[in-house]
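Structure incoming, see below.
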């Protein structure tokens, strides 16, 4: 009799142990440590970039490590504006910032913002915020070259904004620039 009781208790313990292990495995998906942020903040990005500058990561070249630091900075910038923009605007901003950082690091290389990013901006409901952020990127002084580089006239859908005085002035300056370039080419 004692032997059957021991065997029954052992089986019961195994069932409980199995149930506890199963519960632990299923609860990993919901596990979030309190000390870690849920998104990449500016402080976290600065800390990560500082560590990337000090340490070398195995299996990454120096160029790839710099590229990783750039991506972290771009994600932090996009995250900073997350509450005021929709997802499509976030995607455009992320890749536009990445484009600008690459361009500043290698001015002789040609990096273009792709049509994919233009389409994201086109479908965004936060275009006014994007226009403001893009113009800030160029220190508030938007030239035709900058508007062309950002694809702004490809993705802006607000016709009233497009015919407002600042944009008309920009378009006229581009027209004048093109006309003077054609005239100087024709006279040579």
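Looking at residue 59, is it on the phi > 0 side of the Ramachandran plot and at pLDDT 85 or above?
yes
Which of (1) surrounded by 15 or more Cβ atoms within 10 Å (Cβ to Cβ); (2) closer than 30 Å to residue 129 by Cα; (3) at pLDDT 80 or above does residue 40 not meet, given it meets every other one?
(3)
Something else about it: Could you count how many residues in the stretch 118-150 are crowded, with 21+ Cβ neighbours inside 10 Å, in a loop (DSSP other than H, G, I, E, B) and modelled with pLDDT under 90?
0
Has the stretch 103-114 got any residue that is on the phi < 0 side of the Ramachandran plot, without any contact (Cβ under 8 Å) to a residue 24 or more places away in the chain, out of contact with any strand residue (DSSP E or B) (no Cβ under 9 Å at 6 or more places or on another chain) and part of a helix (DSSP H, G or I)?
Yes.
Any idea how many residues of the stretch 50-102 are free of Cβ contacts under 8 Å to residues at least 12 places away in the same chain and outside any helix (DSSP H, G or I)?
Here the count works out to 7.
Among the listed residues 33, 79, 73, identify the single one that is under 26 Å from residue 156 (Cβ atoms) and modelled with pLDDT under 85.
Matching residue, one of 33, 79, 73: 79.
The values are calculated or read from the model by the stated rules, or taken from the named source; none is laboratory data. What you are looking at is a predicted structure, and each value in this text was computed from that prediction instead of being measured. Ideal geometry is used to build each Cβ from the backbone, glycine not excepted, and the neighbour counts take in all protein chains shown.
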